[in-house]
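The values are calculated or read from the model by the stated rules, or taken from the named source; none is laboratory data. The structure displayed is predicted, hence computed values, not measured ones. All Cβ positions, even for glycine, are placed from backbone atoms using ideal geometry, and neighbour counts span all protein chains on display.
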Amino acid sequence: MKIKVLAWLLALCTVISMLPGTVSAAPVSQPDSGVMIPSAVGKLEPADVLPNAKSYTVTLSSSGNGKAELLVDSPARVGSQVLFLANPDDGYLAEIYYSGLSADDLIYMGADVIGFIMPSNRVTLQVKFVAAEGSEHNIEVYESSFAGEYVLTRNWAKEYESVLLGVQPYDNDGFDPEGYVWVSGAPAYYLFEDEGIHYYEIIMGSRNVNIFLCYERSGPFDITPWMDGDPNGATVTVSHEEAYVNDLVTVTIKVKPGYRLVHAKAVSYAGDLSFDLTPIGNDQYTFRMHPAGVELHVLMEAMDFNVSVTAGTGGIAHASVSRAKVGSAVTVTCVPDANYRVYSITGVDALTDNGNNTYSFAMPARNVSINVTFRKIYNPVTVTVENGLGGTASVDVTEAKLGDTVTLTCTPEEDYRVAQITGVKDLTDNGDGTYTFTMPDEAVNLKVLFLHRDNPFLDVNESQFFYESVLWAVEEGITSGMTADTFGPFAVCNRAQVVTFLWRYAGSPEPTTAENPFGDVPAGSFYESAVLWAVEQGITNGISAAEFGPNAACNRAQVVTFLWRLMGRPEPGLTEHSFTDVEAGSFYETPVLWALENGITTGATADTFNPSGQCQRAQVVTFLYRTAQISSAE
């Protein structure tokens, strides 16, 4: 039953000052320049009106089929709110021409009421009512779950025309004006309530409109999620399995990588209604429950990604497709050259070997760049003897494939031993001079090191200038290796090590004084006695009165000077040298001449001695060994 609405338009005008902050759509689109159909909608926020604000006139005129009326007195004070009515007859729309304002100044308030804030100048308004164009669309009202009555000004309208709906619930105290009236197909805005009647404005769109009045809560009705298209493209969760009419339902759609959301719709079981869900951010969407069960239709679409294949030396490879959707099957075919095989395929996870050199994978959510590596089935096996000294070595094959057993035979010369074999892992010593290993998937270059039985060091051999010096120094107790099987010949010697070598060579004599002036020479350190002895003998001093500098590197000039002083500072018979980097009168000039004369060392080149060059362990023990030979010869 429809209620009787008395003079609803008059009531609208009398209570317009009570309009809430609801928004409404513009009646028509923007016409040509100079004509204003407001595009801004919402609540008008007046500025502060100053006590001494001036007033300016506002004039309003109209033509055509409709009513235009200024709803405030003219003149109006600057900063005050000005409202006017532009109410077209059925089938007509309002065009507004203006001067003294800009388009942004006019705000459409709803119910054909337009407002603006009064500027500091005169304002002229002209309203022209023109016939509405476009097709007519029907308005249907559903009230099966509504406890009350309603009135609709008309049940049809053209696009952009306004239609008023009045709703009077029987229990007005429990009625939610923004919750129990649901409009599909056009925007609807709540205006106000007058004598128990709630007024709404509907701005017609380009299709039929359905109005659902749902004051009596009905249900609950089922909510069923459906995945249209690819079911793997997203996870969908719904806040309700069932809901009452007008309940707010939240749907969470987590889109998986490589997919995109095509649409998310709610469709009634009866099929008479379908609408998009409203996105609210964070992968969430909402809708108001329809007065019937609904299906949620989520359509996902897999995205295409590129597939590329590159192959190294030894074969070719290609993919079955150059682009593929996420989750689709892609096949890679590899064609090795003769004596080659597929070694590795990188660029994609979870690769399945199908046999016959074909491989497949499910397309991930990214571009795929596959690299195929080929390796020879048979790889070379070679063996060399380090430095060519101490024995011979051979292998039983010159090439082998992955998994083959290869035998290495080593034959040391008399008084030599096999010290080290490198180039392969997991070598088995058979105890008879042969060694075996399982061929890896790569070329093998074996290196065999033979050493004299008296030589414990892997980094010292007969081909090196310091070989005899090192063995002599170890035998004499002057120094030992840095480890059990390495001497470290190229490690730089520091001051503490050099004076210790000299002290041990001298027989490790006890210094005559126990007083240690050097704060950087710890008591009980291996070099404490050597440092005190060296200072007593005038072999060296500290780098200052309180510091010896034990960790400072020793250079060539310092080492030959220490040795010269150790030998008693002999005056060399040699008086000239060819070194451009040995300065006349320097502290080391005489020691350099002495060292040259006695063959302890030669220059770094024919014309340079390199006095500041850091001295290595092998050089220090060699200089000392040659000095010892001079001493024994005397």
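Quick look at the values:
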quantity	calculated
All positions within region 159-183 that are within 30 Å of A131 (Cβ to Cβ) and modelled with pLDDT under 85	E159, Y160, E161, S162
Test for V582: is it assigned by TED's automatic domain parsing to the domain that holds T479, surrounded by 14 or more Cβ atoms within 10 Å (Cβ to Cβ), in a loop (DSSP other than H, G, I, E, B) and touching a Pro at 6+ places or on another chain (Cβ under 8 Å)	yes
Filtered residue count, region 145-188, keeping only those that are of a type outside the set (A, V, I, L, M, F, W, C), within 21 Å of F275 (Cβ to Cβ) and part of a strand (DSSP E or B)	1
Checking F146 against (1) out of contact with any Cys (no Cβ under 8 Å at 6 or more places or on another chain); (2) not assigned by TED's automatic domain parsing to the domain that holds T59, the condition it does not meet	(1)
Residue check for N430: exposed (fewer than 15 other Cβ atoms within 10 Å of the Cβ) and not assigned by TED's automatic domain parsing to the domain that holds Y505	yes
Checklist (1) assigned to a loop (DSSP other than H, G, I, E, B); (2) of a type in the set (D, E, K, R); (3) under 30 Å from A319 (Cβ atoms) applied to R375, failing item	(1)
Single unsatisfied condition, F623 versus (1) crowded, with 21+ Cβ neighbours inside 10 Å; (2) aromatic (F, W, Y); (3) not in a helix (DSSP H, G or I)	(3)
Residue in region 331-338 that is within 32 Å of the chain's Cα centre (by Cα), over 30 Å from V424 (Cβ atoms), not in a loop (DSSP other than H, G, I, E, B) and not aromatic (F, W, Y) present	yes
Selection count, region 466-492, where residues are crowded, with 17+ Cβ neighbours inside 10 Å, of a type in the set (S, T, Y) and in a loop (DSSP other than H, G, I, E, B)	1
Where a residue in region 72-99 is of a type in the set (F, W, Y) and its partner, wherever it lies, is in a loop (DSSP other than H, G, I, E, B), with Cβ under 9 Å and at least six apart	F84/L71; F84/V72; Y92/N65; Y92/A132; Y92/E161; Y97/G34; Y98/G34; Y98/L106
Exclusive hit being more than 18 Å from C615 (Cα to Cα), in contact with a Gly (Cβ under 9 Å, 6 or more places away or on another chain) and polar (S, T, N, Q), set S508, S529	S508
The lone exception for A292 - which of (1) assigned to a strand (DSSP E or B); (2) touching a Phe, Trp or Tyr at 6+ places or on another chain (Cβ under 9 Å); (3) among the small types (G, A, S) it fails	(1)
In region 215-274, the residues that are part of a strand (DSSP E or B), over 25 Å from S328 (Cβ atoms) and among the charged types (D, E, K, R)	D222, E242, K265
Yes/no for N516 being at pLDDT below 95 and either closer than 19 Å to S480 by Cα or not β-branched (V, I, T) (or both)	yes
Selected residue (criterion: nearest to R626 (Cα to Cα)) from residues of region 587-603 that are touching a residue at least 24 places away in the same chain (Cβ under 8 Å) and part of a loop (DSSP other than H, G, I, E, B)	I600
Residues that are surrounded by 16 or more Cβ atoms within 10 Å (Cβ to Cβ) and either among the aliphatic types (A, V, I, L, M) or within 16 Å of L93 (Cα to Cα) (or both), drawn from region 116-136	I117, M118, V123, L125, Q126, V127, K128, F129, V130, A132
Qualifying residue in region 539-559 (condition: part of a helix (DSSP H, G or I), among the aliphatic types (A, V, I, L, M) and either under 54 Å from the mean Cα position of the chain (by Cα) or surrounded by 15 or more Cβ atoms within 10 Å (Cβ to Cβ) (or both))	yes
Residue that is surrounded by the fewest Cβ atoms within 10 Å (Cβ to Cβ) [pool: residues in region 178-194 that are without any contact (Cβ under 8 Å) to a residue 60 or more places away in the chain and more than 46 Å from the chain's Cα centre (by Cα)]	E193
Unique residue being among the aliphatic types (A, V, I, L, M) and not assigned by TED's automatic domain parsing to the domain that holds G312 when the list is V326, V348, V385, V332	V385
Meets criteria (touching a residue at least 12 places away in the same chain (Cβ under 8 Å), surrounded by 21 or more Cβ atoms within 10 Å (Cβ to Cβ) and basic (K, R)) for R495	yes
So Q558, is it under 26 Å from T590 (Cβ atoms) and touching a Leu at 6+ places or on another chain (Cβ under 8 Å)	no
Filter result for the condition that a residue is buried (at least 16 other Cβ atoms within 10 Å of the Cβ), within 30 Å of C214 (Cβ to Cβ) and free of Cβ contacts under 8 Å to residues at least 60 places away in the same chain, over V298, V236, V251, V330	V251
Selection within region 522-538 - of a type outside the set (S, T, Y), part of a loop (DSSP other than H, G, I, E, B) and closer than 14 Å to V498 by Cβ	F526, Q537
Set N371, N354: member being loosely packed, with under 13 Cβ neighbours inside 10 Å and out of contact with any His (no Cβ under 7 Å at 6 or more places or on another chain)	N354
Residue in region 159-172 that is closer than 30 Å to S61 by Cα, aliphatic (A, V, I, L, M) and in contact with a Gly (Cβ under 6 Å, 6 or more places away or on another chain) present	no
Odd one out for Y160 among (1) within 30 Å of Y215 (Cβ to Cβ); (2) surrounded by fewer than 18 Cβ atoms within 10 Å (Cβ to Cβ)	(2)
Test: residue in region 283-296 that is assigned by TED's automatic domain parsing to the domain that holds K256 and out of contact with any strand residue (DSSP E or B) (no Cβ under 7 Å at 6 or more places or on another chain)	no
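Residue-by-condition table, conditions (1) surrounded by fewer than 16 Cβ atoms within 10 Å (Cβ to Cβ); (2) not β-branched (V, I, T):
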position	(1), (2)
F450	no, yes
W503	no, yes
T512	yes, no
G519	yes, yes
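The rows are residues; the columns are (1) assigned to a loop (DSSP other than H, G, I, E, B); (2) touching a helix residue (DSSP H, G or I) at 6+ places or on another chain (Cβ under 9 Å).
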| site | (1), (2) |
| --- | --- |
| S394 | no, no |
| V397 | yes, no |
| V406 | no, no |
| I421 | no, no |
| E442 | yes, no |
| L446 | no, no |
| Q464 | yes, yes |
